[in-house]
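Here is the structure we will look at.
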Amino acid sequence: MEAELKDHIVAMARNNAWANHRLLSACEALSDDEYAAPRTSFFPSLRATFNHILVVDYYYIDAIEQQDALRHYRDPDPDYANARLLRPVQTASDKRLIKFCERQTDKTLNAEIILPRPDRSPPPCTIHTILAHLFQHQIHHRGQAHAMLAGTKVKPPQLDEFFLSGELDLRRDELRALGLPEV
């Protein structure tokens, strides 16, 4: 059976949720001080990196759902002090993204919207390119967090065991914990 664009987008959204869960679960073993400790990366700590991921998720999901995404430029950013507090909030955001992706069709994924910006009016983008950007943003910053975690007492988890059917046993428990299908 040939996969459609929607199938790929849904799979990426589920992978996103699983990888966030796996990485934040590992970070739960850190103390608040270790989680916030200065580290070398784009953002200066695991805390700052994961809070940034959440804020950007909120912005893009609000934008593609045609909600007030500009509020993220006005409102203060959330600042969760540790992974135990952030993980359930990130999981809720990830589930929202999965549900959005599951509702899409090829027609809606190819619809164009203009991402709201407070200082400019960018050209229209398709929903599927916005989603591709959002997934890439997540992967980019999770990679940085993964590298930062390697400088702690906690072993960074594998994040590339999602798509291959022969690796289902390596992710099954986490998929069940997240309520995701075992694929």
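The values are calculated or read from the model by the stated rules, or taken from the named source; none is laboratory data. Just so you know, these numbers come straight off a predicted model, no measurement behind them. Here the Cβ positions follow ideal geometry from the backbone for every residue, glycine too, while neighbour counts run over all protein chains shown. Side chains included, ligands, DNA and RNA excluded: accessible areas come from the protein's heavy atoms. Shrake-Rupley method; radii C 1.70, N 1.55, O 1.52, S 1.80 Å.
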Report the local net charge at MET148: Lys and Arg +1, Asp and Glu -1, summed over other residues whose C-beta lies under 11 Å from its C-beta. +2
When the solvent-accessible surface of protein heavy atoms is calculated with a 1.4 angstrom probe, in what order do LYS6, LYS107 fall, highest first? LYS107, LYS6
What is the sum of charges around ARG47, taking Lys and Arg as +1, Asp and Glu as -1, for the other residues whose C-beta is under 15 Å from the C-beta of ARG47? -2
Points 7 angstrom from Cα along the Cβ direction at GLU65 and LEU168: gap in nanometres? 3.1
Formal net charge of residues neighbouring ALA92 (Cβ-Cβ distance under 13 Å; K, R +1; D, E -1): +2
If you split all Cα-Cα distances of the range 85-159 into 10 Å bins from zero, what percentages do you get per bin, shortest first? 15, 34, 32, 15, 3
What does the highest-first list of 12-22, 118-128, 155-165 look like by mean Cβ count within 10 Å? 12-22, 155-165, 118-128
Would you please give the FRET efficiency between LYS107 and SER31, computed as 1/(1 + (r/R0)^6) with r the Cβ-Cβ distance and R0 = 30 Å, to the nearest 0.05? 0.05
From a point 7 Å beyond the Cα of ALA147 in the direction of its Cβ, which residues of the range 28-45 have a backbone N at a distance under 18 Å? 37-45
Accessible area expressed per residue, the chain, with surrounding protein chains retained (probe 1.4 Å, Å²): 52
Which percent of the Cα-Cα distances in the chain go past 31 Å? 17
Please work out how much accessible surface TYR60 shows to a 1.4 Å probe, ignoring ligands, DNA and RNA, in Å² rounded to 10. 20
